[in-house]
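Below is one structure, written out as structure tokens; the observations come after it.
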Amino acid sequence: MSTQLLEKEGNAGPPISPLLKLVLELGPLVVFFFANSRGEWLAAKLPMLGELGGPIFIATGLFMAATAAALLVSWLLTRTLPMMPLISGIVVFIFGALTLWLQNDTFIKMKPTIVNTLFGVILLGGLFFGKSLLGYVFNAAFNLTAEGWRKLTLRWGVFFIFLAILNEIVWRGFSTDFWVAFKVWGTMPITILFTLLQMPLIMKYSVETPEEGKTP
């Protein structure tokens, strides 16, 4: 993947601080977990929410609202929307709407499967055609050699497929409350750990941009 393209994407707007980026990514999931665990209390305090249905449906509605808010804040701060949060948000809105309309929580439970499978297929399919698409998916702020991009893309492609399979096992084999808790307190730590484990590869294959290579 060309460093010029990544630099162009990185200059779309001022970067978001890592802490704020983490809040924008985790915020909707925390809202989802809280609303599901306290759904009856929320329905008693706000009868309008109770009209959505049981706790999982209240959680789904608030999850959609929190996702929209996170995307809006991201766009207001950077005037751009990275591909991964945007696609994930679109799937949240579609499957969340189906969940509420049909009163069937299967749709929101399948959302992680759909999103992770989609990203896995995009990354692995790109490699099949000789393209390392990871930088497009993550709006990467770093530069790697071609070999580094291929290896990192392969790892993330396989990892996304793993997450899709894991989600299917959990939502089909366990209770709704367990699935919601695992979505927040299981999937995210696994993803963070996997990301940290990629740092040696990133450091090994990283390359300096011309700007970074200049001496003051």
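Check whether at least one residue in region 44-52 is under 21 Å from Val184 (Cβ atoms) and either at pLDDT below 95 or under 22 Å from the mean Cα position of the chain (by Cα) (or both), and report yes or no. Write out each step before concluding.
Of all residues in region 44-52, those under 21 Å from Val184 (Cβ atoms) come to 49, 52.
Okay, now just the ones that are also either at pLDDT below 95 or under 22 Å from the mean Cα position of the chain (by Cα) (or both), so 49, 52.
There is at least one residue in region 44-52 that is under 21 Å from Val184 (Cβ atoms) and either at pLDDT below 95 or under 22 Å from the mean Cα position of the chain (by Cα) (or both).
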Just a yes or no: is a residue in region 196-215 modelled with pLDDT of 90 or more and hydroxyl-bearing (Ser, Thr, Tyr)? no
Residue count for region 70-99, restricted to those that are over 15 Å from the mean Cα position of the chain (by Cα) and surrounded by fewer than 19 Cβ atoms within 10 Å (Cβ to Cβ): 11
Evaluate the following for Leu133: is it aliphatic (A, V, I, L, M) and either closer than 30 Å to Arg38 by Cβ or touching a residue at least 60 places away in the same chain (Cβ under 8 Å) (or both)? yes
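The values are calculated or read from the model by the stated rules, or taken from the named source; none is laboratory data. The shown structure was predicted, so the numbers you read here are calculated from the model rather than taken from an experiment. Ideal geometry is used to build each Cβ from the backbone, glycine not excepted, and the neighbour counts take in all protein chains shown.
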